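Below is one structure, written out as structure tokens; comments come after it.
The values are calculated or read from the model by the stated rules, or taken from the named source; none is laboratory data. What you see is a predicted model; the values in this text were computed from it and never measured. Here the Cβ is made from the backbone with ideal geometry for all residues, glycine too, and neighbour counts use every protein chain on show.
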Amino acid sequence: MMFEGKSVRLTALEEPGVVELCFDNQAESVNKFDTQTVAELEQAITLLESTADLRGVLVTSAKPVFVVGADITEFVPLFKTGPENAGDHLAKNNINFNRIEDLKAPVVVAINGFALGGGLEFCLACDYRVMAASAKIGMPETKLGLIPGWGGTVRLPRLAGCETAVEWIAAGAEQRADAALKARVVDGVVADDALREAALNVLSQCINGSLDYEARREQKKAPLQLNDIESLMTFFTSAAFVGAQAGPNYPAPVVAVKSMEKAAKLGRDEALEVEKAGFIKVASTEVAKSLVGLFLSDQLLGKKARDWEKKASKPVTSAAVLGAGIMGGGIAYQSALKNVPAKMKDIAQAGLDLGMAEASKLLSKRVSRGRLTPAKMGEILSRIHPTLSYDGFGDIDIVVEAVVENPKVKHAVLADVETRVSSDTVIASNTSSISISYLAQALSRPENFCGMHFFNPVHAMPLVEVIRGEKTSDEAVARTVAYANAMGKKAIVVKDCPGFLVNRVLFPYFAGFAGLVRDGADFEKVDKVMEKWGWPMGPAYLLDVVGIDTGCHAEEVMAEGFPDRMAKSYKTAADVMFENNRYGQKNGHGFYSYETDKKGKPRKVATQEAYDLIAPVCGETREFTDEEIIMRMMIPMATELARCLEEGIVGSAAEADMALIYGLGFPPFRGGVFRWLDSLGMSEFVALSDQYQGLGKLYEATDNQRAMAAAGDSYYA
């Protein structure tokens, strides 16, 4: 052994002068470029440079993945130290990669599993890249609000061309081996079990002169081979397109393109300085801090879900859904898609037909997009078993009740199904607002019961709220989380209360909207302001999509549960819509009217009819500033979310923020409600809440928030 660290080792192979550099992080399940790995790589390269008879280097990984990128946990303290330190952090590994590229002997890398971000950038610094057929590579930095900082914007366009580099870096998507080979990012793709042998064979060809690795190096280190017109057309068009796709709130993709443009006529070392400047520019933004924070919060979410799954007494291998239709069909589809067979029971054949039609429609879309073969579609559909009876329910691991949102109906269905399943079957209710503890009163084994709240449409919305009732056991929670994990969902465990977590904080947001319209705001303008602020749709449009009838029902539940701040003292515009049978998209008319576009999707249109209907409950029309609209909408949501955290409804600020991002589409670039409050500053938020406190208790900051303001504390340390 020439060198053995805790993350990197060097081993002399049988062929004279050939050395293997292996990444093998002993403290982690994956390899990543943390401070320790960067330091050990530096030591290893120094040894390689001083090896007199060095003829070739094979780079491998002892893990199931190659290198997943930088250690993102190190970014949070890095952001706090200022831009110069961020540049210094980049420099250490940039020097390492340059030294790899400048070694006196050829370097061939064997890519297995994943090579992402810095992992791929390391591979680009090597002379040749051989990739396992199952592996994936990519540069996801822009998804974190950053750009590649270890040569990605420099080497990728010189190897694969500008168009590929722009597409890969701006989108941040993972790329399969066949796409990587076609793009000339890798030089060969082989079966997984042939990877090492193939990489050694390429290295041998470099050593014997069959492959000109030095020419490859010169290509990467030289300026891009573009004339002025080609450069202008390539980068101007790309920047415009990328900017339109990313939008104004996500600057990193455009900065990446502009960095490539500025570096096009430069050699490697000067080009890397341009990249460094671009990285520092985006690393200094609140967007990067927010998106990196979300990444870490998502990691926390996954860890908590896996920890719950470990507590389950057995894996979920079979499931059942009670109540077919759109929601039941969506749940059954997602279960079958992820290889968990599901019975789908209804009391009427028409319901089963609707549920199967929903599953077939979703699978057909996958087939039409080339993501699924017809044969695979048939296989997945065969895992859904529509039935009008309870035959076979005795062997089911978990049953999800998804019948109509009516307490009496749910009580009857839950009591009935409990007699048809085994004593350890977990029963979960897909309710959006009815108390889990109340529903459990119908059961003789309430410890086996919890909530499992899916969001509509089930296949598209990642969040599942797992709700613990007063008598819910850890086993019931664990198995339900395990099922959510198996379905590919993001499970967050919350305590029972009216509206649980997401709906409990959504309706104060809607209350803010109702108050604005009552006081003379134009609902169209409110929608536009909140969409500009980052929401995927404004509150009026969102009410139409949710269903105004559904919203009014849930609003009653919220008012009963929290009368001091959610009970209404006036008729709202939504009430008027409900009274006039304008339920939103579901029947074509709500705040907006809906037409079908060329693709068959509903398109909203504002009509005078809606304004005339709500006129009697609206004050005289007046102009509100964007800031007034934003604060009147957001303060109620922020104070209610704070109450949920303080009451222990949700376990952490990170989980609360991720629930709203995954469940409501809260603007990711703002990092969640609590990260937004941190960026605003608690003192500023308390002052704003005091400014609007005349609007009611929903606008009152909590005592804890006031204490945080006084102490200068934040939700994320």
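Name the one entry in ASN25, ASN31 that is closer than 15 Å to LEU120 by Cα, assigned to a loop (DSSP other than H, G, I, E, B), in the same structural domain as ILE207 (by TED's automatic domain parsing) and polar (S, T, N, Q).
Details: ASN25 fails: closer than 15 Å to LEU120 by Cα.
Just one listed residue meets the conditions, ASN31.
Scan the helices (runs of 4 or more DSSP H) fully inside segment 474-563 and keep the ones with 2 or more residues being closer than 30 Å to TRP308 by Cα.
Values: elements: 474-486, 502-518, 523-533, 539-546, 548-561.
Because the criterion is at least 2 residues that are closer than 30 Å to TRP308 by Cα, the helices (runs of 4 or more DSSP H) in segment 474-563 that meet it are 474-486, 502-518, 548-561.
Consider only pairs whose beta carbons are under 8 Å apart and that are at least six residues apart or on different chains; among these, list those whose first residue lies in segment 640-654 and is within 11 Å of LEU301 (Cβ to Cβ) and whose second residue is polar (S, T, N, Q).
Short answer, once both residue conditions are applied: ALA654/SER297.
Is one or more of the residues making up segment 375-386 at pLDDT 95 or above and touching an Asp or Glu at 6+ places or on another chain (Cβ under 9 Å)?
yes
Please specify each residue of segment 505-530 satisfying the condition of being over 17 Å from VAL617 (Cβ atoms) and touching a Phe, Trp or Tyr at 6+ places or on another chain (Cβ under 8 Å).
In the first step, residues of segment 505-530 are kept if they are over 17 Å from VAL617 (Cβ atoms); the result is 505-509, 525, 527-530.
Answer for segment 505-530, where residues must be over 17 Å from VAL617 (Cβ atoms) and touching a Phe, Trp or Tyr at 6+ places or on another chain (Cβ under 8 Å): LYS525, ASP527.
Is there a residue being assigned to a helix (DSSP H, G or I) and among the hydrophobic types (A, V, I, L, M, F, W, C) anywhere in segment 455-469?
First, pick out the residues of segment 455-469 that are assigned to a helix (DSSP H, G or I): none.
No, segment 455-469 contains no residue that is assigned to a helix (DSSP H, G or I) and among the hydrophobic types (A, V, I, L, M, F, W, C).
Which residues, counting only those in segment 219-237, are farther than 11 Å from LEU159 by Cα and assigned to a helix (DSSP H, G or I)?
ASP228, ILE229, GLU230, SER231, LEU232, MET233, THR234, PHE235, PHE236, THR237
Just checking: which of the helices (runs of 4 or more DSSP H) contained wholly in segment 655-712 hold 3 or more residues that are within 28 Å of the chain's Cα centre (by Cα) and either without any contact (Cβ under 8 Å) to a residue 24 or more places away in the chain or assigned by TED's automatic domain parsing to the domain that holds PRO636 (or both)? Spell out the reasoning first.
Values: elements: 673-680, 682-691, 703-711.
Result: 673-680.
Just checking, does segment 80-89 include any residue being buried (at least 18 other Cβ atoms within 10 Å of the Cβ), modelled with pLDDT under 90 and in a helix (DSSP H, G or I)?
Our first condition is that a residue be buried (at least 18 other Cβ atoms within 10 Å of the Cβ); within segment 80-89, this holds for 86, 89.
Still in the running and modelled with pLDDT under 90: 86, 89.
This time we only want the ones that are in a helix (DSSP H, G or I), so: 86, 89.
Yes - at least one qualifying residue is present in segment 80-89.
So, in segment 347-397, of the ones that are closer than 19 Å to GLY325 by Cα and among the β-branched types (Val, Ile, Thr), which residue ends up surrounded by the most Cβ atoms within 10 Å (Cβ to Cβ)?
Taking segment 347-397 and keeping what is closer than 19 Å to GLY325 by Cα, we get 347-365, 380-390.
With among the β-branched types (Val, Ile, Thr) added as a condition, the list becomes 347, 380, 384, 387.
On the way: ILE347: 13, ILE380: 21, ILE384: 23, THR387: 15.
It comes out as ILE384.
Among (1) among the aromatic types (Phe, Trp, Tyr); (2) outside any helix (DSSP H, G or I); (3) within 30 Å of ASN581 (Cβ to Cβ), there is one condition TYR716 misses while meeting the rest; what is its number?
Single failed check for TYR716: (3).
Where residues in segment 44-100 are among the β-branched types (Val, Ile, Thr) and more than 29 Å from the chain's Cα centre (by Cα), which of them is farthest from LEU296 (Cα to Cα)? Don't jump to the end; show me each part of the working.
Of segment 44-100, the ones among the β-branched types (Val, Ile, Thr) are 45-46, 51, 57, 59-60, 65, 67-68, 72-73, 76, 81, 95, 100.
Then drop every residue that is not more than 29 Å from the chain's Cα centre (by Cα), which leaves 45-46, 51, 57, 59-60, 95, 100.
On the way: ILE45: 31, THR46: 33, THR51: 40, VAL57: 35, VAL59: 29, THR60: 27, ILE95: 27, ILE100: 30 Å.
Step by step, filter segment 44-100, then rank; the result is THR51.
Pairs under 8 Å by beta carbon, first residue in the same structural domain as GLY663 (by TED's automatic domain parsing) in segment 465-479, partner in a helix (DSSP H, G or I) and surrounded by 17 or more Cβ atoms within 10 Å (Cβ to Cβ), six or more apart or different chains?
Close Cβ pairs (under 8 Å, with a partner that is in a helix (DSSP H, G or I) and surrounded by 17 or more Cβ atoms within 10 Å (Cβ to Cβ)) do not exist here.
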